[in-house]
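What follows is a short report on a single structure.
The values are calculated or read from the model by the stated rules, or taken from the named source; none is laboratory data. Nothing here was measured: the structure is a model prediction, and the numbers come from that model. Note that each Cβ is placed from the backbone with ideal geometry, even for glycine, and that neighbours are counted across all protein chains shown. Heavy atoms of the whole protein, side chains included, go into the accessibility calculation; ligands, DNA and RNA do not. Shrake-Rupley method; radii C 1.70, N 1.55, O 1.52, S 1.80 Å.
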Amino acid sequence: MDSSLIRCKRVTKEDYEKVMTIFPPSEIYNGGDYLPDYFHMLIDMPNNEMYAAVIGDTFVGFTLMTTVDDGRSVVTRAGRVSKEYAGKGIAGIMLKWVEIGGPLYRPEVIWHKTTGSRPHSPLLQLISKGTYNKTLEQDFRFYDTHKRTLQNKYSSVIRKENPSLKSESIDEKMLGEIIASTDHKQYLFPEDEIVVDQVPYRAIKSNAPLIISKRTTVVVSDLNCPQRTLLSISNFWQAPIGMVFNFNAYGCLSENTNEHLILHFSKFLCRPMSEYILFRGISSQGTSWTFLDSAVEEFGFNRRTELYGTGLTSVRRRITSKL
């Protein structure tokens with residue numbers, strides 16, 4: 001398609017309905033789309049910008065751009081193109097907006113970064129072609145339950161647990177200190193990458209305030225023993241399929257996993273939600289899920305087959321390179 005026919009428009013809060021009609025959210029990520037619930041939170045964050053591909057007055061494409069890594073990287077996510085214009089190069093045109101000469105090009109930005117779910121994402125083909133370099137691979141583990149079950153099991157677990165937990169919730173300042181710690185970094189982030197809410201961040205202290213949003217809880221345990229440290233990050237959103245709860249685990253999944261979930265669920269259960277809850281565990285490739293399997297079972301979750309993909313692949317390429 002002739003790119004001159006497509007206008008790049010900055011999306012505002014008033015464009016919410018136009019964005020949602022580009023492609024049915026119920027058909028994105030098998031019903032796990034986060035954009036309908038996250039839209040207003042994301043657009044208020046200073047490092048996020050939303051853009052639409054517009055033909056005439058019609059929104060035919062959308063991309064969310066997140067700036068991270070001290071302004072050196074831009075991450076694109078939540079992309080979608082209308083069914084009417086599928087296969088006509090809209091997605092490629094939007095990607096070129098960040099290139100030299102494009103309407104969103106910024107000379108200080110070096111890297112374009114993104115993530116994709118294996119095996120559905122076309123990123124795997126782009127990696128094999130050398131267009132993108134792979135920076136991190138993570139595996140998924142899915143579980144599900146219902147709200148009343150989780151509420152009852154949570155209350156039961158709280159009554160049994162020692163009130164003096166070894167794990168603790170931490171703020172962005174403490175997260176930044178852990179990221180900056182060379183003793184911990186080699187065990188928690190050996191690839192120098194942290195992925196939260198589909199955003200791949202470099203493991204640098206300045207990213208800590210960007211990682212923690214209104215929906216984020218960060219929990220840590222065994223800080224005194226870097227080889228055993230577990231750092232977990234959770235986020236949640238209401239999707240067409242139900243409430244989705246992401247649990248990112250960095251470091252050593254251990255018997256402390258149960259304590260981590262207590263602290264994560266204490267915030268999660270305060271929020272109104274639908275009856276169905278999908279839990280997605282995310283950790284490095286080759287992780288043993290034994291401790292997580294046992295912990296979530298105690299909270300009433302059951303294993304289920306994949307929702308959308310078996311894992312996450314993070315990639316990057318230099319902005320100056322040609323697509």
Next item on the list: Hey, can you tell me all the residues within the stretch 292-323 that are farther than 30 Å from GLY92 by Cα, open to solvent by 30 Å² or more (accessible area, probe 1.4 Å) and either part of a loop (DSSP other than H, G, I, E, B) or touching a strand residue (DSSP E or B) at 6+ places or on another chain (Cβ under 9 Å) (or both)?
Entry: ASP293, GLU297, ASN302, ARG303, ARG304, THR305
Notebook entry, point to check: Are any of the residues in the stretch 4-25 at positive phi and not in a loop (DSSP other than H, G, I, E, B)?
Noted result: no
Margin query: Looking only at the stretch 156-172, count every residue that is at pLDDT 95 or above and surrounded by fewer than 12 Cβ atoms within 10 Å (Cβ to Cβ) and tell me the total.
Written below: 1
Note to self: Can you report the number of residues in the stretch 90-127 which are open to solvent by 40 Å² or more (accessible area, probe 1.4 Å) and either assigned to a loop (DSSP other than H, G, I, E, B) or touching a Cys at 6+ places or on another chain (Cβ under 8 Å) (or both)?
What the structure shows: 11
Note to self: Just the residues that are under 18 Å from ILE158 (Cβ atoms), not charged (D, E, K, R) and not in a loop (DSSP other than H, G, I, E, B), please, taken from the stretch 246-262.
What the structure shows: THR257, ASN258, HIS260, LEU261, ILE262
Next item on the list: Restrict the check to the stretch 263-274 and report whether at least one residue is over 20 Å from SER156 (Cβ atoms) and open to solvent by 40 Å² or more (accessible area, probe 1.4 Å).
Entry: yes
Item checked: Scope the stretch 198-216; condition charged (D, E, K, R) and crowded, with 18+ Cβ neighbours inside 10 Å; matching residues -> ARG202, ARG215
Notebook entry, point to check: Would you pick out the residues in the stretch 128-146 that are surrounded by fewer than 18 Cβ atoms within 10 Å (Cβ to Cβ) and either in contact with a Cys (Cβ under 6 Å, 6 or more places away or on another chain) or not in a strand (DSSP E or B) (or both)?
Noted result: SER128, LYS129, GLY130, THR131
